[in-house]
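Inspection log for the structure reproduced underneath, given as structure tokens.
The values are calculated or read from the model by the stated rules, or taken from the named source; none is laboratory data. What you see is a predicted model; the values in this text were computed from it and never measured. Reconstructed Cβ throughout: ideal geometry from the backbone, glycine too, with neighbour counts over all protein chains shown. All accessible areas refer to the heavy atoms of the entire protein, side chains included, with ligands and DNA or RNA removed. Shrake-Rupley method; radii C 1.70, N 1.55, O 1.52, S 1.80 Å.
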Amino acid sequence: MENSSNSDENYDVGYQPSPCSTDPNDQSTMSGDSFVYCRTYSSTSVFSEPVDDHHSCCSEASPSCSSHWSTRRSGGVVPQKQALLTRLVTKQCKNSNADDHQKLDDLESLDLELEMMKERFAKLLLGEDMSGSGKGVCTAITISNSITNLYATVFGQNLRLEPLNPEKKALWKREMDCLLSVCDYIVEFTPKSHNLRNGAAVEIMESRQRSDIYINLPALRKLDAMLIEVLDSFQDREFWYAEQGSMSANSTRMGSFRRVVQRNDEKWWVPVPCVPSSGLTEKARKHLRHKRECANQIHKAAMSINNSVLSEMEIPDSYMASLPKSGRASIGDPIYRYMYTTEKFSPEYLLDCLNIASEHEALELADRVEASVYTWRRKACMIHLKSSWSIVKDLMSDVDRSDKNHILAERAESLLFSLKQRYPELSQTSLDTCKIQYNRDVGQAILESYSRVLEGLAFNIVAWIEDVFFVDSTTRNQD
């Protein structure tokens with residue numbers, strides 16, 4: 001009878017028992033709808049105003065409504081149930097607030113990225129001339145500078161063998177995808193046979209990505225991903241780094257059994273690697289050797305692509321006008337006599353005799369040798385009286401191979417190649433800088449700058465690994 005009276009009372013007021021009211025131990029009934037309902041009508045909650053048994057109605061009962069109804073009908077408040085419901089509501093309120101904050105953070109991040117993209121787009125259109133007067137640089141130089149500056153921003157402070165910061169990694173991928181998207185619209189037209197409905201075959205022009213971009217850009221993207229993977233592989237390592245400025249001979253880390261080996265070189269800003277007193281394990285050395293070989297192969301591939309792109313760029317007229325009248329005056333008498341009088345020319349032997357002491361001397365020699373190459377080539381083709389260098393290159397096949405100028409140009413070219421192989425860290429020559437400065441081809445600008453920064457990163461990784469091997473060897477010898 002008591003049960004029937006309770007059911008009749010519920011029926012009279014139109015109350016439908018919610019799962020929460022029927023099973024006080026079930027905590028899985030706090031649905032999103034009931035929570036929203038409770039928050040929305042909290043100012044008119046049944047806890048704050050009396051409820052008329054004959055006029056109040058809860059068609060979609062919330063936990064607060066159902067708990068209030070049950071406590072009123074039972075004649076008292078159940079402490080355990082009330083505390084449980086209070087904790088559930090408070091917890092769900094906190095979760096909702098956290099979700100709201102997360103959504104706001106995501107929106108702010110999207111707005112920030114949108115503003116950054118707007119800034120990039122504006123700089124590309126204005127040619128880095130913020131006055132808008134049309135005196136900015138061309139699009140090719142703007143994109144080339146953007147890739148170079150992005151590399152400096154992301155990798156400029158990363159001078160260690162360690163994974164790249166996730167934020168910088170995301171920045172590098174996002175910005176590069178934006179800059180490289182230009183290549184999707186650099187196309188060339190090729191003839192293609194097309195069959196009509198009546199069976200007739202006609203030739204149409206089909207657009208496809210330009211051949212140099214189609215070949216080199218996927219390769220550069222692959223090299224990029226491989227370099228990031230090499231850095232990520234040093235998540236768990238046996239060595240660490242000490243800042244050069246705060247380093248002392250007895251500086252240690254995590255105990256006195258580790259020490260730092262000081263390095264005497266000019267790159268004082270580069271962190272110095274440190275290894276345990278017993279040196280690296282064989283497993284760690286094997287991992288370093290493998291990654292060094294990978295980075296070395298990546299460096300060679302990127303350098304090959306960069307040299308190929310630079311060779312295809314047009315030589316500016318200003319550079320040709322600045323060449324000396326004779327190649328002998330450019331390279332000097334000692335080198336000229338050896339190149340001209342020797343029957344079997346050996347560029348390696350010549351480099352050994354020159355005793356190059358610094359990178360600055362090597363770069364100066366490279367500029368002089370490269371200038372002599374184009375001076376002798378111009379003399380060999382002078383009879384054609386053509387000012388366009390592209391025409392000169394096409395006519396080189398018709399030049400007498402026994403011509404003195406042609407022989408000297410070939411020997412100077414082999415000397416320049418050996419010099420760059422011996423000094424792979426050599427900076428860009430005057431001709432390379434001039435080509436980049438006066439280049440107007442956007443596709444070539446992207447390929448050149450992208451391959452150049454990847455070449456630099458790969459070379460740095462190899463150098464960092466060599467530093468670790470040097471410290472490990474020194475530590476073992478000291479022991």
Subject >> Single residue of 418, 402 found to be in a helix (DSSP H, G or I) and either modelled with pLDDT of 90 or more or more than 35 Å from the chain's Cα centre (by Cα) (or both) >> reply: 418
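Test residue 123 against the stated conditions and say whether it is assigned to a helix (DSSP H, G or I), over 24 Å from residue 457 (Cα atoms) and open to solvent by 60 Å² or more (accessible area, probe 1.4 Å).
Details: assigned to a helix (DSSP H, G or I): yes; over 24 Å from residue 457 (Cα atoms): yes; open to solvent by 60 Å² or more (accessible area, probe 1.4 Å): yes.
Answer is yes for this residue.
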Original post:
Restricting attention to segment 421-434, and to residues there that are open to solvent by 20 Å² or more (accessible area, probe 1.4 Å) and assigned to a loop (DSSP other than H, G, I, E, B), which single residue is nearest to residue 307 (Cα to Cα)?
Top reply: 428
Original post:
Checking residue 174 against (1) part of a loop (DSSP other than H, G, I, E, B); (2) modelled with pLDDT of 90 or more, which single condition isn't satisfied?
Top reply: (1)
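Okay, residues lined up against (1) open to solvent by 10 Å² or more (accessible area, probe 1.4 Å); (2) touching a residue at least 24 places away in the same chain (Cβ under 8 Å); (3) outside any helix (DSSP H, G or I):
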site: 436; (1), (2), (3): yes, yes, no
site: 446; (1), (2), (3): no, yes, no
site: 451; (1), (2), (3): no, yes, no
site: 454; (1), (2), (3): no, yes, no
site: 459; (1), (2), (3): yes, yes, no
site: 462; (1), (2), (3): yes, yes, no
site: 477; (1), (2), (3): yes, no, no
**OP:** Just give me the residues in segment 99-120 being surrounded by 12 or more Cβ atoms within 10 Å (Cβ to Cβ) and basic (Lys, Arg), in sequence order.
**Re:** 120
Original post:
Hey, among the residues in segment 278-317 that are closer than 19 Å to residue 381 by Cα and either out of contact with any helix residue (DSSP H, G or I) (no Cβ under 7 Å at 6 or more places or on another chain) or free of Cβ contacts under 8 Å to residues at least 40 places away in the same chain (or both), which one's most open to solvent (accessible area, probe 1.4 Å)?
Top reply: 317
Subject >> Extreme residue, surrounded by the fewest Cβ atoms within 10 Å (Cβ to Cβ), among residues of segment 192-233 that are part of a loop (DSSP other than H, G, I, E, B) and small (Gly, Ala, Ser) >> reply: 199
Original post:
Just for segment 153-170: of the residues that are in contact (Cβ under 8 Å) with a residue 12 or more places away in the chain, open to solvent by 50 Å² or more (accessible area, probe 1.4 Å) and not β-branched (Val, Ile, Thr), which one is nearest to residue 467 (Cα to Cα)?
Top reply: 160
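Among the residues of segment 127-141 satisfying the criterion of being hydrophobic (A, V, I, L, M, F, W, C) and closer than 18 Å to residue 446 by Cα, which is least open to solvent (accessible area, probe 1.4 Å)?
Of segment 127-141, the ones hydrophobic (A, V, I, L, M, F, W, C) are 130, 137-138, 140-141.
Keeping just the survivors that are closer than 18 Å to residue 446 by Cα gives 137-138, 140-141.
Working: 137: 65, 138: 33, 140: 2, 141: 33 Å².
Top of the filtered list is 140.
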**OP:** Could you tell me whether segment 171-189 includes any residue that is free of Cβ contacts under 8 Å to residues at least 40 places away in the same chain and over 29 Å from residue 227 (Cβ atoms)?
**Re:** yes
Original post:
What number goes with the only condition from (1) among the polar types (S, T, N, Q); (2) modelled with pLDDT under 95; (3) under 26 Å from the mean Cα position of the chain (by Cα) that residue 449 does not pass?
Top reply: (2)
Original post:
Restricting attention to segment 438-447, does a residue exist that is closer than 26 Å to residue 361 by Cβ and touching a helix residue (DSSP H, G or I) at 6+ places or on another chain (Cβ under 8 Å)?
Top reply: no
